[in-house]
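Beneath this line is the structure, given in structure tokens, with notes to follow.
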Amino acid sequence: MVVEKSYDEINEKIKKGKAVVVTAEEIIDIVKEKGVEKAAREVDVVTTGTFGTMCSSGAFLNFGHAKPRIKMNRAYLNGVPAYAGIAAVDAYIGATALPESDPENRVYPGRFLYGGGHVIEDLVAGKPVKLEASGYGTDCYPRRHIETWITLEEINDAVLFNPRNAYQNYGAAVNTSDKTIYTYMGVLSPHLGNVSYSTSGQLSPLLNDPCYQTTGVGTRIFLGGGIGYVAWHGTQHSPTVSRGENKVPLDGAGTLALIGDLKQMSSEWLRGVSYLGYGASMAVGIGVPIPILNEEILSFTAVTDDEIYAPIIDYSFAYPEREPGNLGRVSYAELRSGTIKLQGKEVMTTPLSSYAKAREIAGILKEWITEGSFLLTEPVHGLPSLDSGITMKTLEEKNNR
């Protein structure tokens, strides 16, 4: 008998405290024990999680008006520039923004860099942040300069808006050259000294929903310790890449644009990070619930690390020339084991994302749903996908450029 459920049916069970909710780790053993059909009947929601560096992140802030008023032309938070070309006292601070005072130092290994991600972390931690802004002066906004301290609680609005998060698979980075290189994938040691990877594998949101059957515009999620939503497909969303038999992409594919109230969030799940010789960024915690509407959706959530493969990219060759540097593929089971075999050599693996934190996020989201404080939302629009037929007109053209 075919298993079919609706969002309304599952939400009713959540409200009554009767929904069966498990994490993307737990569902693996359930399917092994009971099979897909029985598991699909019994389980209502599978929760996922990821916690790692996501450079394409930031926050819109509205500071409220000073007396006299100012139309901010330039704005700095703890010395980090925020984009003020929006409206009088609105600004957007990006996670990778760096102070303008000493930009050369961002490429020097060994120096801690304080950037936009650290400003956001300080704000959600409740710390005072120094705001300095200037304007050119108008009749309605005569003030030309302001210097003050703000807190997240005091300002009018704070919205986390991340243009590209939760990458659906990503390359593992190595370095075959004879010198150490410093990248957004961390420090890569020479002569295949290490392989750096990022993604939580079998817990990762879009690897459990490879065809975006339940993840779309309007999906309610765990974001930075609070509640957020999928706002749109993320930048660089490219679902036309090749896939395995389980439909899991073999390269970087889909991405999510996410939005949420920064005032709900926690510095435990939004952390500023500094990469030696590269720059600053922010680690973001994300958890996406997957409603089990049918057996196929359930089967996708049972994917395991040994069924998910990432390309191995030689960053000494592929960057900055951007020519092919692919050295084959490796499973997340191998990556998580601590070492992989590459070109006849045992190579140490170094994760950039935290599997332990991803597991914790999936557990928190499971608890929220089980206790009835988090209901599921049906997407109002799907993400571009060849499987669903929802595609951007230029999607394949973009993928071939």
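The values are calculated or read from the model by the stated rules, or taken from the named source; none is laboratory data. Here the structure is a predicted model, which is why all the values come from computation and not from measurement. Cβ: placed from backbone, ideal geometry, glycine included. Neighbour counts: every protein chain shown.
So the values come out like this:
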item	result
Residue match in region 269-276 (condition: hydroxyl-bearing (Ser, Thr, Tyr), outside any loop (DSSP other than H, G, I, E, B) and touching a residue at least 60 places away in the same chain (Cβ under 8 Å))	yes
Selection status of LEU61, under 30 Å from LEU365 (Cβ atoms) and either at pLDDT 95 or above or buried (at least 17 other Cβ atoms within 10 Å of the Cβ) (or both)	yes
Meets criteria (within 25 Å of GLY171 (Cβ to Cβ) and either surrounded by 20 or more Cβ atoms within 10 Å (Cβ to Cβ) or outside the structural domain of TYR114 (by TED's automatic domain parsing) (or both)) for GLU268	no
VAL187 vs. criteria crowded, with 18+ Cβ neighbours inside 10 Å, more than 28 Å from GLU268 (Cα to Cα) and either β-branched (Val, Ile, Thr) or modelled with pLDDT under 95 (or both)	no
Within region 1-16, tally of residues that are assigned to a loop (DSSP other than H, G, I, E, B), under 29 Å from the mean Cα position of the chain (by Cα) and either free of Cβ contacts under 8 Å to residues at least 12 places away in the same chain or surrounded by 14 or more Cβ atoms within 10 Å (Cβ to Cβ) (or both)	1
Any pair with Cβ under 6 angstrom, 6 or more apart, that starts in region 118-129 at a residue that is without any contact (Cβ under 8 Å) to a residue 60 or more places away in the chain and aliphatic (A, V, I, L, M) and ends at one that is surrounded by fewer than 23 Cβ atoms within 10 Å (Cβ to Cβ) and in a loop (DSSP other than H, G, I, E, B)	VAL129/ASN78
Pairs with Cβ under 8 Å, 6+ apart, first in region 239-264 and assigned by TED's automatic domain parsing to the domain that holds ALA172 and under 16 Å from ASN326 (Cβ atoms), second loosely packed, with under 15 Cβ neighbours inside 10 Å and at pLDDT 90 or above	GLY252/GLN236
Single condition PRO205 does not satisfy, out of (1) surrounded by fewer than 24 Cβ atoms within 10 Å (Cβ to Cβ); (2) closer than 30 Å to LEU352 by Cβ	(1)
Hits in region 293-328 (condition: in contact with a Phe, Trp or Tyr (Cβ under 6 Å, 6 or more places away or on another chain) and either at pLDDT 95 or above or under 30 Å from SER6 (Cα atoms) (or both))	ASP305, ILE308
Failed criterion for LYS67 (all others in (1) of a type outside the set (A, V, I, L, M); (2) crowded, with 17+ Cβ neighbours inside 10 Å; (3) part of a loop (DSSP other than H, G, I, E, B) hold)	(2)
Residue list for region 238-258, restricted to those being over 20 Å from ILE390 (Cβ atoms) and touching a strand residue (DSSP E or B) at 6+ places or on another chain (Cβ under 9 Å)	GLY244, LEU250, ASP251
